[in-house]
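Enquirer: Sharing a structure below in structure tokens format, with a few things to ask.
Taken together, the values in this text are just the output of simple stated rules run on the coordinates, not laboratory data. Bear in mind that the values here come from a model prediction, so they are computed numbers and not experimental data. So basically every Cβ, Gly included, is an ideal-geometry build from the backbone, and we count neighbours across all protein chains shown.
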């Protein structure tokens with residue numbers, strides 16, 4: 001369980017489990033990105049760590065909270081476990097397009113987690129939504145930069161919008177008085193559903209259209 005200082009509101013068991021899951025899943029996407037470039041296991045671990053904890057680190061720094069992995073080394077263990085799993089079965093995961101689906105699961109978990117932690121610390125609801133988006137997206141941005149791939153935020157496919165939708169649903173449900181597990185589940189389901197639609201059906205948002213000057 002996450003070690004929480006006395007000055008911070010307690011984090012529920014459900015939220016703590018979701019936190020570890022998000023770190024593990026995002027770390028696995030980082031290790032898979034390293035696998036696609038055929039790096040060694042040390043680089044696997046580096047990719048896994050910066051991807052798994054990058055978004056949460058930015059969130060904690062912005063809301064002036066103790067950085068979560070500094071007070072609980074279990075998150076680094078989760079990154080290490082993800083590294084070993086991908087090192088052993090990475091070939092099979094790559095064939096199953098696991099990077100896309102793991103990333104979708106990580107985004108779904110982390111967008112609600114980031115918003116939930118911000119709300120628990122008394123951050124305004126709108127800012128909490130933004131924290132959810134940053135938590136979900138920043139690790140993937142770091143991963144893409146390290147792997148030399150175009151950032152997923154710069155592609156036409158829906159990504160940050162999925163995190164925005166999930167975090168918004170979670171915050172709205174929380175403000176409406178829904179139980180925490182219901183709000184978490186709804187937000188994560190919405191975010192994952194949007195990303196699944198992108199992966200399966202190629203959903204995109206309309207792009208900017210150049211204006212045509214009248215003749």
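Enquirer: Between 165, 173, 33, find the one with the highest GNM mean-square fluctuation for the chain; connect C-alpha pairs within less than 10 Å.
Expert: Residue with maximal mean-square fluctuation among 165, 173, 33: 173.
Enquirer: Sequence gap at least 6, Cα distance under 8 Å: using those rules, report the relative contact order of the chain to the nearest whole percent. The partial results should precede the final answer.
Expert: On the way: 342 pairs, mean separation 46.1, N = 215.
Worked out over the chain, it gives 21 percent.
Enquirer: Additional query: With a 10 Å cut-off between alpha carbons and a GNM built on the chain, which of 34, 120, 160 moves the most?
Expert: Result for the chain, Cα springs under 10 Å: 120 fluctuates most.
Enquirer: Let me ask something additional. Translational diffusion coefficient of the chain at 10 °C, 1.306 mPa s, Stokes-Einstein with Kirkwood Rh over Cα pairs, in µm²/s as a whole number.
Expert: The calculation lands on 91 µm²/s.
Enquirer: What residue among 22, 202, 74 shows peak mean-square fluctuation when the chain is described by a Gaussian network model with Cα springs under 10 Å?
Expert: Largest GNM mean-square fluctuation: 202.
Enquirer: Strictly greater than 20 Å: what percent of every Cα pair in the stretch 34-119 meets that?
Expert: When all Cα pairs of the stretch 34-119 are counted, 39 percent exceed 20 Å.
Enquirer: Taking the Cβ-Cβ separation of residue 81 and residue 61 as r and a Förster radius of 35 Å, what is the calculated FRET efficiency to the nearest 0.05?
Expert: 0.90
Enquirer: Run lengths n ≥ 4 of DSSP H only: what is the helix-derived mean residue ellipticity at 222 nm for the chain, with -39500 (n - 2.57) per run over all residues, to the nearest 500?
Expert: That comes out to -24500 deg cm²/dmol.
Enquirer: From the square roots a ≥ b ≥ c of the eigenvalues of the alpha-carbon gyration tensor of the stretch 60-163, which class results: rounded (a/c under 1.5), prolate (a/b over b/c), or oblate?
Expert: Oblate is the answer for the stretch 60-163, as a/c is 1.5 or above yet b/c matches or exceeds a/b.
Enquirer: Another question, then. Over the alpha-carbon set of the stretch 91-215, divide Rg by the Kirkwood Rh and report the Rg/Rh ratio to two decimals.
Expert: Ratio value, two decimals: 1.06.
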